[in-house]
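Read the figures in this text as sums done on the coordinates, not as results from a lab. It should be emphasised that the depicted structure is a prediction, and the values quoted were computed from it without experimental measurement. We place every Cβ from the backbone using ideal geometry, glycine too, and count neighbours over all the protein chains shown.
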Amino acid sequence: MKKKRFIALLCAGALALGMAGCEEKGESGGKKEIEVITEPAFRELVDSAADQIMGFEDDLDITVTVFSTNAEKREREIQKLQTEIMAGKGPDVYILDTVIENESVSNTALFTNPYKTMQSGALALLDEYMKGDSYWEDSTYKKELLEAGQYEKRQYIIPFSCDYFVFCEPADGEQMTGTTVGEWIQQAESSQNQELWQAMQAISATAGRWFVPAVDYEAQEVLFSKDRWTELATAYISMLEQGNEEQWLENNPYEISNINHILGTENRQMKFIPDQDGKKLAAVRAYGAVSMSSSYKKEAYQFLMLFLNDTLEVEREKINMGTMVRGHVDPEGLPVQESAIRTKLENSASPELIDSICSTFSEIEGSYFVTQVEHNLYSAVGNLQSQIIGGEETDENQLRQEAAAAAEKAWKDYRTQMAE
């Protein structure tokens, strides 16, 4: 579905964005047409930003195209668009979501593997625009999140939101003391704390994240260790078998949760769940990019930045009007700058919870994109968990063989994914 709109105002009211001035427009005699492709979940904010910027920039004509919410229609739209992109066509701006491994149903993604998309030449380099943009010097953007959007140390994608998993524990109870997820599993296995063991069952939600990033696309090397992953999955199986499922406890003070689903931390403390190497990495959710085929790459970049900087907020205040676009675009994911986290949560979370979330956010050491392989690993461990917890008669050796088979398949899938 497309929405096209244009609000004509005097050029004297143009923003100091450099997106287009009166002189340039007079020379060209036309408008700069920019097409944006986005997700249904982001539509409201993207539409709002387009309307508002055209209210200040009278030589911009922005069209917002939104993918269908119907799965079959969406798939057809994506196939058509992928063909256009391969032919050097397509929209100017991409504001997209990613596949999340622990969602039971994932929408078809335009770019199923953003790493390969960056390699393909379909996206424009953004470094030259970022270097001249004071936002990157003055903002609270978590710079470590930019890593996922880089290829050969050059920026092609700008993350807009992220997620990661946290462990909530009572301030006066047994604490997680290890530095790796493997050490956490070992502690849960040896602990006599039924509540802690019960909560640690949910560590299966992070199974696709135990070893990430799993591929070095620049060096053409699979980093994923099938042996180490199998060892960790086996340790998880052993942990599950040590507990007593019949003593299931309600109102457990221990909890594993995605950072975007945490409800509260009263009398509890929050810890960032590390991977097997002890790294604290975040998965990119929403992101923005500019098409290599765009004739207006600078303007396209500046439109992306409206979802990070305060340009619209400042300009709308001049005419005594507010804006919904306040440093984030994704209603579900965690914003990528602390200021936007606080703004987004100010009316829905306690100051203590916001501080706890921002504290874990400050610990992020790097970022990555989730692909189908991570989803497969998550599903494999979930299947092992259901066999044990579900009361089925299970053979420990058979379960370990299933874990090893899942790791072997993942390694091969990563290799195939790298070579495509």
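Ranking P159, Y141, G182 by how far each Cα lies toward the positive end of the dipole of the range 132-218 (charges on Cβ) leaves P159 at the top.
Sorted fewest first by neighbouring Cβ atoms within 10 angstrom, H328, H375, H261 come out as H261, H375, H328. The length gained on full extension between S225 and Q269, counted as 0.36 nm times the residue separation minus their Cα-Cα distance, comes to 12.7 nm. A full extension of the chain between N397 and L249 corresponds to an added length of 50.3 nm, given 0.36 nm per residue minus the alpha carbon distance.
In summary, the helical segments of the chain meeting the span-like criteria, namely a full DSSP H run, a Cα extent along the axis of 18 angstrom or more and a mean Kyte-Doolittle hydropathy of at least 0.0, are 43-56.
Charges at C-beta only: +1 for Lys and Arg, -1 for Asp and Glu. How large is the resulting dipole of the range 222-277 about its Cα centre, in Debye rounded to 20?
240
Of K80, K280, K143, the residue with the greatest mean-square motion in the GNM of the chain, using alpha carbon springs below 10 Å, is K80. In a simple Cβ point-charge model (Lys, Arg +1; Asp, Glu -1; nothing else charged), the range 271-420 has a dipole of about 640 debye relative to its Cα centre.
Given K32/K116; K116/K142; K89/K298; K32/K298, which pairs have Cα atoms separated by over 19 Å?
K32/K116; K116/K142
Among C162, C168, C358, a tally of other beta-carbon atoms within 10 Å of each Cβ gives an order, fewest to most, of C358, C168, C162. Largest GNM mean-square fluctuation among D47, D275, D227, using the chain with Cα springs under 10 Å: D227. When both bridge partners sit in the chain, DSSP labels roughly 70% of those beta bridges antiparallel.
A Förster distance of 51 Å, applied to the separation of the beta-carbon atoms of E218 and N320, puts the FRET efficiency at 0.55.
Rounded to the nearest 500, the 222 nm mean residue ellipticity of the chain from helices alone is -12000 deg cm²/dmol, with -39,500 (n - 2.57) taken per DSSP H run of at least 4 residues.
For the range 182-245, the fraction of alpha-carbon pairs lying more than 17 Å apart is 45 percent, rounded to a whole number. Within the listed set Q192, Q269, Q385, the Gaussian network model of the chain (springs between alpha-carbon atoms below 10 Å) gives the highest mean-square fluctuation for Q192. Between the range 64-114 and the range 305-337, how many Å separate their Cα centres? Rounded to whole Å, the Cα centres lie 25 Å apart. Model label sites at S238 and I389, defined 7 Å from Cα along the beta-carbon direction, differ in position by 2.1 nm.
This model, with +1 at the C-beta of Lys and Arg and -1 at the C-beta of Asp and Glu, gives the chain a dipole about its Cα centre of some 1500 debye.
With contacts taken as Cα pairs under 8 Å at a separation of at least 6 residues, the range 242-338 carries a relative contact order of 21 percent. Cβ crowding within 10 Å, taken as a proxy for footprinting-reagent exposure, orders L145, L263 from fewest neighbours to most as L263, L145.
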